[in-house]
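Notes follow once the structure below has been shown.
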Amino acid sequence: MLRIFVGFDSREPIAFHVLCHSILARSSRPVTITPLVLGHLKDSYTRQRGPTESTEFSMTRFLVPYLSDYHGYSLFMDCDMLCLTDINEMMQYVEADPWKDVWVCQHDYTPKDTVKFLGQPQTVYARKNWSSVMLFNCHNQASRRLTPDYVNKATGLELHRLHWCDDGRIGKLPLEWNHLVGEYEHAANAKILHYTRGGPWFPEYANCDHAKEWFAERDAMLGVK
């Protein structure tokens, strides 16, 4: 059973629930979904929120191996996403190369804008958005480095650039598993849509690329015909 952890931000609850619906509606087997709610992690997460942390789960995502008892495989996803395929298909990349420590979409791009949703600054750094979808091999050494103490003390760049993992042990997922809406061209083959600049649940992004898919999923979740 694949364990899935989804970042939860109190400003975007609808995004979280629609993503979860999209995962459950297409999964071919049971999965577990755990929201990473900041208030639930008081015993393990103590760092103060920094000015570049645009969401409440910017850093808590790196606690996923710890929350998984450093066992098995666990997937982290940002909440501003939509899953358009069977999430279990991602495990084929683990089966093809089981000795990697973490699998990510290795984006190489520069954001088009300097500001994103809710006026948040759009920070630019190497390996940006690699950490927005992470499939962890939780029992390997790299994941075991992600203790609460390390996550609380490491810099944001050390965490998001995956400095806790040797480069040769970072597995590669095809980019359709983390399609950056508005940064990449429209993609009919996207498996996971990532509304990284702002999703259609915000009025100012209601007409963004791939908004139609998100509204259709929301309506399906609510039983709207």
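Apolar share of the accessible surface for the chain: 52 percent from carbon plus sulfur atoms, 1.4 Å probe. Surface exposure of segment 1-65, expressed per residue as accessible area with a 1.4 Å probe, stands at 46 Å². 3J(HN,Hα) along segment 55-61, derived from phi through the Karplus expression 6.51 cos²θ - 1.76 cosθ + 1.60 where θ = phi - 60°, amounts to 10, 6, 10, 3, 10, 5, 4 Hz, with x in place of Gly and Pro. When the chain is treated as a GNM with alpha-carbon contacts under 10 Å, the residue of 106, 92, 48 showing the greatest mean-square fluctuation is 48.
For residue 84, nonlocal amide neighbours, meaning residues 5 or more places apart or on other chains whose placed amide H falls under 5 Å from its own, are 192, 193. Amide H to amide H distances under 5 Å link residue 5 with 34, 75, 76, 77, where only residues 5 or more positions off or on other chains count and H is placed in the peptide plane.
Here the calculated FRET efficiency for residue 150 and residue 106, from their Cβ-Cβ distance with R0 = 25 Å, stands at 0.65, rounded to the nearest 0.05. Build a GNM of the chain with springs between Cα atoms under 10 Å apart, and of 105, 138, 208 the one that fluctuates most is 208. Considering every alpha-carbon pair of segment 171-225, the percent of pairs per 10 Å bin, from zero through the bin containing the longest distance, is 24, 49, 23, 4, 0.
Kindly work out what percent of the DSSP beta bridges joining two residues of the chain are antiparallel, to the nearest 5. Kindly include the intermediate steps, with their values, before the conclusion.
On the way: 11 of 28 bridges.
Just about 40 percent of them are antiparallel.
Using the reciprocal of the averaged 1/r over all distinct C-alpha pairs, how large is the Kirkwood radius of the chain in Å? Averaging 1/r across every pair of different Cα atoms and inverting gives 17.7 Å.
At full extension, residue 47 and residue 224 could sit 59.6 nm farther apart than now, given 0.36 nm per residue minus the alpha carbon distance. Per-residue 3J(HN,Hα) values for segment 177-184, derived from phi via the Karplus relation 6.51 cos²θ - 1.76 cosθ + 1.60 with θ = phi - 60°, read 7, 7, 6, 7, 5, x, 9, 9 Hz in sequence order (x marks Gly and Pro). The Cα-based radius of gyration of segment 52-106, divided by its Kirkwood radius, gives an Rg/Rh of 0.98. DSSP bridge analysis restricted to segment 46-177 gives an antiparallel fraction near 65%, rounded to the nearest 5. Rounded to the nearest Hz, the phi-derived 3J(HN,Hα) couplings of segment 192-200 under the Karplus curve 6.51 cos²θ - 1.76 cosθ + 1.60 (θ = phi - 60°) are 10, 8, 10, 7, 5, 8, x, x, x, where x marks glycine and proline.
Per residue, segment 79-225 exposes 46 Å² of accessible surface when a 1.4 Å probe is rolled over the protein heavy atoms with every protein chain present.
Which value in deg cm²/dmol, rounded to the nearest 500, describes the helix-derived mean residue ellipticity at 222 nm for the chain, given -39,500 (n - 2.57) per DSSP H run of n ≥ 4 and division by the residue count? Kindly include the intermediate steps, with their values, before the conclusion.
Numbers: 7 runs with 51 residues, N = 225.
-6000 deg cm²/dmol, from helical runs alone.
The values are calculated or read from the model by the stated rules, or taken from the named source; none is laboratory data. As the structure is a prediction and not an experimental result, all values here were calculated from the model. Note: ideal-geometry Cβ built from the backbone for every residue, glycine included; neighbour counts use all protein chains shown. Remember, those area values only see protein heavy atoms, side chains included, never the ligands or the DNA or RNA. Shrake-Rupley method; radii C 1.70, N 1.55, O 1.52, S 1.80 Å.
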